[in-house]
Every structure is written in C-alpha cells, then in structure tokens.
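Q: Quick one: the structure is below, and I'll ask about it shortly.
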Amino acid sequence: MLSDLQKRDLKYIFHPCSQMKDYEKFPPVVIEKGEGIYVWDEFGKKYMDCVGSWWLNPLGHCNPRINKVINEQINTIEHIIFANFSHRPAIELSEKLMKLVPNGLSKLFFADNGSSGVEIALKLALQSQHQRGFTKKHKLVTIKNSYHGETIGALAVGDIDFFTKKYKPLIKEAIKVQGPDCYNCPFKKKYESCNAECFCEMEKVLTENSDEIVATIIEPIVQGAGGMKIYSPIYMKKLRELTKKLNITMIVDEIAMGFGRTGKMFASEWAGITPDIMCVGKALTAGYYPMSIVIMTQEIFDSFYSDYLEGKSFLHSHSFSGNPIGCRIALEVLNIFEEENMLEQINKKGEYLRKKAEEIFKDKDYIGEIRQIGLMGALEIVKDSKTKERFPSSERAGYEIYKIAMKHGAILRPLGDTMYFMPPFIITYEEIDKMLEICKISIEEYINSRK
C-alpha cells in the first residue's frame, strides 16, 4: 500500500540509476529527517546509512557545526558570479586545501559535481597539451572497469557497460587498457605484496602511442563503481613515472576516495605521487552542497596564461562555480577533519571493520573475497567461494539482499553482487558490529529463500 507521499513522488519523479518499474513492488522510501549515521522515513522507521548517501556524507546527517556555518553564510552572501568576482569562503578554502593536496599542485578550478570535474580535467589536458605545442595529441587512455561519471566526456573514459552501452553513438571512446584485476589476478599475485606486474599492458599502450595520447585518467587505489576493487599503489607509481617520461598528462579522479575514505586524505598518497590534474568532490561538502574542484600543476595553469587575444583562455563555466555556501561548508569540513583527528579515527575504525568482517564472514561459502582499506569495506557475494561462481545475473542477488537489509534497518545499496560499506566516519564500533550483522542476516535470508 503506497503512502500519499509515495504516490505523489511516483506521479512525477524519474529517479536516477534505477528501473522505475521496480518501484511498483519496492516503492521509494520517503525520508523525513536524519541525524548522525541514521535517517528516518515518513513512518518513523530508522535506517542506518551504511553507504554515506552515495559516498557523500563523511560527518553524519545534520552535523551541528556545518548547520551553524550554513546559517551564518546564508545571512552574508548566498551566491555571486565567479567570473571577475571572488569571496572570502573561496579564498580561505583554497588556502586550506592547498596545504593538504600532494606537493606540486598549485591552482584550483571550481565546478559543481564529480562528472563536471572530470569533463573539466579532460578539457584542460587537451587544451594544455595543444597550447604547449603538442597538437598531434588527441587520444585518452583509461583502464577497464573504470568509472568517472555519467556526462558524455566522463562516459568516454569509463568502462562499465551498464552506464555506457546505450550512449556509444555519442561517445568518442578512450583507449581502454586491461588494468588491475586483483580478484582474478592472471599473475596469481596479491595486491598487498605484488609489483603491479599487470602494468605491462598499460606500458605497452602508452609507449607505442605516446605521440597521440593526451592523458590517462585513473581512480586511485580503489575502483569504486566497478565493485570497490582495491589494487596496488605500485601501479600508480609506475603510471606516474611513465606518463612523465612520455609527456602524457596524468589525471587522478579522487571524487569518491578523496578526503579520508582510504585512510589518507587523498588515495594518491598511498603511491606517494603527484598527478598533473586531480579531481575532488563528494565528501568535500559532506552531502550538503554539490561541488567539485579540479586541482592542477603550475605547468598546466601556465599554458593558459596569456594575452586574451591569443585565444588561450579556458572558456568553461558553471553557474554555481565557487558558490559561497558550498565553499563555507567545505572549509568547515576540513576544519572538522583537522580538529577531530578524523584520519586517525578512520584508520582505527577501518582496521576494526576488517577484523570484524573477517570474524563474521570467515569460511562462508557465499563470500568470494573480503576487501578493506580505510573506512571502506566490500564483500564479493558468490554462489560458490571455491570456484568464484556468481549467482545468475537474472536473480539480481545484490538487489534482493539490499531489499532485505532495508527491512532490517540498514541501507546497503550494492554494486551488482558486491556489498560494500562506506558509512560516515562518525560511526561507532558498536554500529560497525550492527552493520555487519545486518549484512550477514540479509545475505543468509536471501540464500535460504532460494532453497
């Protein structure tokens, strides 16, 4: 039986990343309020937000410190065009952020979502290479199973058919190279101890086509939407060394994993590298405001710095670029990270998450692999752990488990049959226990329902 609000929702709203027909049997849950890691629906039922509301929320819902600065900012200035104007929150955020990013990055360009940030990075890379005289370069390279957003340019460097297949006629495809596949490693290695032997594929493509390649783009250390797949930092080190040697712009997409999720402020730090361009977003504004930032080296910036009539300007803009409210939120997020030792908390809780997951799911036939880095964990749900055989895709095992978990009060939105955990960093140890227990119960209910 649909509530009045659910009926009104379905009358007009086309929800993202879902099949609307599914809502006939599992209607959208109308959320009325949130606090900490919990949200409550219109009937008063409480849910644990185990995925950070699409990986956006590091500090919990309705964070009182962020609420306070939003109110202050709204009563000061809500928005101002960012071409030829600036404001204090943007300036202070830029100063704070530049102290945190990898050494060698020096300029910031504001956008309003992750996909847009990736589009900007790709355009910067192409125009910069051409304005430095490398006009034959026009190709992009990415690795298989990657995800960088859902605008047309971002889809071109993504490699998940679910998102890209239907739009092929619109897309100028990047070169897709076999990258790390640590769950099914052809070299029979473990990412914790390998030498990124799989880099040989990328090395071959870049070396043979370097005159035509503008840039590579990569998700650092973890492929997010591709299944929360962790790979060796050595892969990124090798990529950075080779791109420097061959004059190929290296773009790192930190949208999902930046700001502490992997246990370091930026996932690139695991490899100790500085890319030419880095995209950040999501957790930066704690789920309160759409914002992304593209951060670049001085060399990239300098290639655009010229007299106007030379035509080297970067003519890209977003209406909400550098919005004062978003900047003030982001500044407070970074203040909280610093003052509350958030990285230390993330690493301690992440280690606990790993140990507890291993304890609960050890030797379970339905778990193909347990993965963890920082406060991100993932379970590969399989039919048979020995053969790694998956459930038939027609069964939509992950989706069914998700529905069961909702019944038990946890939001565990899967990636295919990969169940993952991306909770707000303020989650307690007791809540980690509860999250994992609900996950276990939900998986086993699904498996028992098949018998």
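The values are calculated or read from the model by the stated rules, or taken from the named source; none is laboratory data. Remember, predicted model here, so these are calculated numbers, not experimental data. Methodologically, a virtual Cβ is constructed for each residue, glycine included, from the backbone with ideal geometry; neighbour enumeration extends over all protein chains shown. The area values use the complete protein model at the heavy-atom level, side chains included, leaving out ligands, DNA and RNA. Shrake-Rupley method; radii C 1.70, N 1.55, O 1.52, S 1.80 Å.
Q: Return the carbon/sulfur percentage of the accessible area of the chain, one whole number, probe 1.4 Å, all protein chains in place.
A: 53 percent
Q: Which loop-located trypsin sites (Lys or Arg not before Pro) does the range 318-417 contain, where loop means any DSSP state but H, G, I, E or B and the Cβ has at most 13 other Cβ atoms within 10 Å?
A: LYS362, LYS386, LYS388
Q: Compute, for the chain, the length of the dipole vector about the Cα centre, with Cβ point charges of +1 (Lys, Arg) and -1 (Asp, Glu) only. Units Debye, rounded to 20.
A: Details: 60 positive and 60 negative charges, 162 e Å.
Using only the charged Cβ atoms, the result is roughly 780 debye.
Q: Return the long-range amide H neighbours of GLY60 (sequence gap of 5 or more, or a different chain), with a cut-off of under 5 Å between placed amide H atoms.
A: PHE425, ILE426
Q: Among LYS355/LYS451; LYS356/LYS386; LYS237/LYS362; LYS33/LYS407, which pairs are too far apart, with a Cα-Cα distance over 25 Å?
A: Result: LYS355/LYS451; LYS237/LYS362 exceed 25 Å.
Q: Give me the dipole magnitude in Debye, nearest 20, for the range 338-451 about the Cα centre, with unit charges on the beta carbon: positive for Lys and Arg, negative for Asp and Glu.
A: So the dipole magnitude of the range 338-451 works out to roughly 540 debye.
Q: Run the numbers for GLU24 and ASP161: contour at 0.36 nm per residue of separation, minus the present Cα-Cα distance, in nm.
A: On the way: separation 137, 0.36 × 137 = 49.32 nm, distance 2.57 nm.
In short, 46.8 nm is gained.
Q: Could you work out how far apart the two model spin labels at ILE171 and SER3 are, taking each label as a point 7 Å from the Cα in the direction of the beta carbon, and quote it in nm?
A: Those two pseudo-labels are separated by 3.7 nm.
Q: Taking mean projected area of the Cα convex hull in nm² as the quantity of interest, determine which of (i) 21.5; (ii) 22.7; (iii) 32.7 was computed from the displayed structure.
A: Answer by label: (ii).
Q: Can you find, among ILE295, ILE370, ALA83, the residue sitting farthest towards the positive end of the charge dipole of the chain, where Lys and Arg contribute +1 and Asp and Glu -1 at Cβ?
A: ILE370
Q: Mind listing the long-range amide H neighbours of THR297? Cut-off is under 5 Å, sequence gap 5 or more, other chains count too, H placed in the peptide plane at 1.01 Å from N.
A: SER106
Q: May I ask you to derive the relative contact order of the range 168-296, considering only C-alpha pairs under 8 Å and at least 6 residues apart, and to give it as an integer percent?
A: 20 percent
Q: Could you calculate the contour length gain from CYS62 to ARG450, that is, 0.36 nm times the residue separation minus the distance between their Cα atoms, to one decimal place in nm?
A: Extra length from CYS62 to ARG450 when fully extended: 135.7 nm.
Q: Whole-Hz Karplus ³J(HN,Hα) for the range 160-171, in order, using 6.51 cos²θ - 1.76 cosθ + 1.60 and θ = phi - 60°, x for Gly and Pro?
A: Listing the rounded values in order: 10, 3, 3, 8, 9, 3, 6, 10, 3, x, 8, 9 Hz.
Q: With a cap of 14 neighbouring Cβ atoms within 10 Å, and only residues DSSP puts in a loop, list the chymotrypsin sites (Phe, Trp or Tyr not before Pro) found in the range 107-202.
A: When the chymotrypsin sites (Phe, Trp or Tyr not before Pro) of the range 107-202 are filtered for loop state and at most 14 Cβ neighbours within 10 Å, PHE187 remain.
Q: Also: Loop only per DSSP, at most 16 neighbouring Cβ atoms within 10 Å: give me the GluC sites (Glu not before Pro) in the range 51-96, ordered by residue number.
A: Those satisfying the criteria are GLU78.
Q: Count the DSSP beta bridges whose two residues both fall in the chain, then state the antiparallel fraction as a percent rounded to the nearest 5.
A: Of all bridge pairs located within the chain, approximately 70 percent are antiparallel.
Q: So what is the calculated 222 nm ellipticity per residue for the chain, using -39500 (n - 2.57) for each DSSP H run with n of 4 or more, over all residues, to the nearest 500 deg cm²/dmol? Provide the component values of the computation, followed by the final result.
A: Working: 14 runs with 160 residues, N = 451.
Computed ellipticity for the chain at 222 nm equals -11000 deg cm²/dmol.
Q: Excluding same-chain residues fewer than 8 positions from LYS312, which lysines have a Cα within less than 29 Å of its Cα?
A: Candidates past the 8-residue exclusion: LYS96, LYS99, LYS107, LYS123, LYS136, LYS137, LYS139, LYS172, LYS244, LYS245.
Q: Also, quick follow-up: Which one of GLY258, TRP270, PHE163 is farthest out on the positive end of the charge dipole of the range 163-322, using unit charges on Cβ (Lys, Arg +1; Asp, Glu -1) and the Cα centre as origin?
A: My answer, from the dipole projection, is PHE163.
Q: Residue by residue through the range 25-32, which ³J(HN,Hα) values in whole Hz follow from phi under the Karplus form 6.51 cos²θ - 1.76 cosθ + 1.60 (θ = phi - 60°), with glycine and proline marked x?
A: 9, 9, x, x, 7, 8, 8, 9
Q: Given H placed on each backbone N at 1.01 Å, which residues far from PHE304 in sequence or on other chains put an amide H within less than 5 Å of it?
A: It is none; the list stays empty.
Q: Starting from the Cα gyration tensor of the range 337-401, take the square roots of the eigenvalues, sort them a ≥ b ≥ c, and report rounded, prolate or oblate (rounded when a/c is under 1.5, otherwise prolate if a/b is larger than b/c, else oblate).
A: Judged from the Cα gyration tensor, the range 337-401 comes out prolate (a/c at least 1.5, a/b above b/c).
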